[in-house]
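Written below as structure tokens is the structure these notes are about.
The values are calculated or read from the model by the stated rules, or taken from the named source; none is laboratory data. What you are looking at is a predicted structure, and each value in this text was computed from that prediction instead of being measured. Please note: Cβ atoms are built from the backbone with ideal geometry, for glycine as well, and neighbour counts cover all protein chains shown.
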Amino acid sequence: MANLKQHKLGWIGIGRMGYAMAERLAKAGCDISVWNRTRSKAEPLAKSGAKVVDNLTDLAGCDIVFTMVSTGKDVKEVLFGPNGVMSKGASGGAPKIVVDSTSISLEESADIRQKLAEKNIKMLAAPVSGNAKVIKAGKLTVVASGPKDAFDAVAPYLDAVGRGSSYVGEGELSRIAKICHNVMLGVVIQNLCEITVLAEKAGMPRHAFLDFLNKSVMGSMFTAYKTPALSNLDFHVTFTPQLLLKDIDLGLSSGRTYGVPMPTTSAARDQVQTLIGHGYDQDFSQLLLLQAKAAGVELKSENVDVGDGL
Ligand SMILES: NC(=O)c1ccc[n+]([C@@H]2O[C@H](COP(=O)([O-])OP(=O)(O)OC[C@H]3O[C@@H](n4cnc5c(N)ncnc54)[C@H](OP(=O)(O)O)[C@@H]3O)[C@@H](O)[C@H]2O)c1
């Protein structure tokens, strides 16, 4: 069993994802200090054993600092900005390792790694798969890249946050892995919508078809997790079509860079673009509505209790 008190941890960014992740570390007994721009969002974490700090510089003495903010620009600001962890007010040295789980581009990630290296700080790029509900269920997964010794030091904490972490190599490789993951999300949801509409038009209830699929070898945590939305037409946002399009485009662009044809991805991309063009702006699983229209099927909520799939 890993000793989770071995390092002093700092956590920056207590939003939807950051809150749930930091809460799991605090509840696992880690020595964790947390900072959020809007302090009130972080305060409830004190109940779970986290220390809530007022300034980013209060985290400079931590061994490992995690960042989970919105964009690459925000990661730079919390680390290197005028009031950032590395700013002049910092006492107690600097962290040994920074772990960034924010979804950012390869270029931004490489730039941040370079700036940290100049201060002898190692960086682990550690984007995640899952949402806040998935984290609460203990099922978040992490893909990491960077120096292997940094990964070995951080892995027990990543494991405590979710189902485990995968190390894919040096540099920004994990950012590519995350892009590949989200490309699959686009292709799978499109196909899932196609076959669900086919099953319904042929005469069976959507939830009955999806029940069979979920029990089969083709079922997955994802197909099960999306079953309530597809059965009951509950499309409140987990991930927007716009963000999915951005990630598919990053995937296609990487395909061009590396000379990899991605025909199914291109087809899925066009459907997501069409979804956006028609003004659908809730969850990306509204692809079901587009598909039904194209097939001349009028969908109704089935109002069934199919659990949450987690
Ligand atoms: N939600 C998902 O399902 C999901 C899944 C995988 C990956 N991601 C990625 O994870 C990251 C976080 O997502 P989220 O859903 O947790 O977002 P969120 O709820 O909007 O939280 C964003 C966090 O970043 C902080 N922040 C933003 N800009 C900042 C700045 N300039 N300085 C300091 N703090 C700043 C916010 O502080 P305030 O509280 O003060 O606003 C908040 O704590 C994003 O990159 C997202 O793409 C999300």
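Quick look at the values:
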item: Selection status of Gly61, in a loop (DSSP other than H, G, I, E, B), out of contact with any helix residue (DSSP H, G or I) (no Cβ under 9 Å at 6 or more places or on another chain), small (Gly, Ala, Ser) and over 25 Å from Ala132 (Cα atoms); result: yes
item: The one condition in (1) buried (at least 22 other Cβ atoms within 10 Å of the Cβ); (2) within 13 Å of the ligand (Cβ to nearest atom); (3) not polar (S, T, N, Q) that Glu108 fails to fulfil; result: (1)
item: Contacts under 9 angstrom Cβ, first residue in segment 293-310 being surrounded by fewer than 10 Cβ atoms within 10 Å (Cβ to Cβ), partner outside any loop (DSSP other than H, G, I, E, B) and among the basic types (Lys, Arg), 6 or more apart; result: Gly296/Lys201
item: Check on Leu9, closer than 20 Å to Gly138 by Cβ, in contact with a Cys (Cβ under 9 Å, 6 or more places away or on another chain) and not aromatic (Phe, Trp, Tyr); result: yes
item: Test set (1) polar (S, T, N, Q); (2) within 9 Å of the ligand (Cβ to nearest atom); (3) surrounded by fewer than 22 Cβ atoms within 10 Å (Cβ to Cβ) - Thr102 fails condition number; result: (3)
item: Failed criterion for Val78 (all others in (1) part of a helix (DSSP H, G or I); (2) surrounded by fewer than 21 Cβ atoms within 10 Å (Cβ to Cβ) hold); result: (2)
item: Segment 81-99: number of residues that are at pLDDT 95 or above, within 15 Å of the ligand (Cβ to nearest atom) and crowded, with 16+ Cβ neighbours inside 10 Å; result: 4
item: Of residues in segment 18-32 being of a type outside the set (A, V, I, L, M), away from the ligand (no atom under 15 Å from the Cβ) and surrounded by 17 or more Cβ atoms within 10 Å (Cβ to Cβ), the one nearest to the chain's Cα centre (by Cα); result: Cys30
item: Only one of Lys76, Lys115 that is among the basic types (Lys, Arg) and farther than 27 Å from Phe239 by Cβ; result: Lys115
item: Residue list for segment 1-17, filter: within 16 Å of the ligand (Cβ to nearest atom) and either in a loop (DSSP other than H, G, I, E, B) or farther than 23 Å from Pro44 by Cα (or both); result: Gly13, Ile14, Gly15
item: Residues being assigned to a helix (DSSP H, G or I) and in contact with a Gly (Cβ under 8 Å, 6 or more places away or on another chain) - total across segment 22-57; result: 6
item: Sole exception among (1) out of contact with any strand residue (DSSP E or B) (no Cβ under 6 Å at 6 or more places or on another chain); (2) modelled with pLDDT of 95 or more; (3) crowded, with 21+ Cβ neighbours inside 10 Å for Ser40, by number; result: (3)
item: Check on Lys119, closer than 16 Å to Ile97 by Cα and not in a helix (DSSP H, G or I); result: yes
item: Segment 279-310, residues that are touching a Phe, Trp or Tyr at 6+ places or on another chain (Cβ under 7 Å), among the aliphatic types (A, V, I, L, M) and part of a loop (DSSP other than H, G, I, E, B); result: Leu310
item: Qualifying residue in segment 47-56 (condition: within 13 Å of the ligand (Cβ to nearest atom), farther than 21 Å from Pro95 by Cα and in contact with a helix residue (DSSP H, G or I) (Cβ under 8 Å, 6 or more places away or on another chain)); result: no
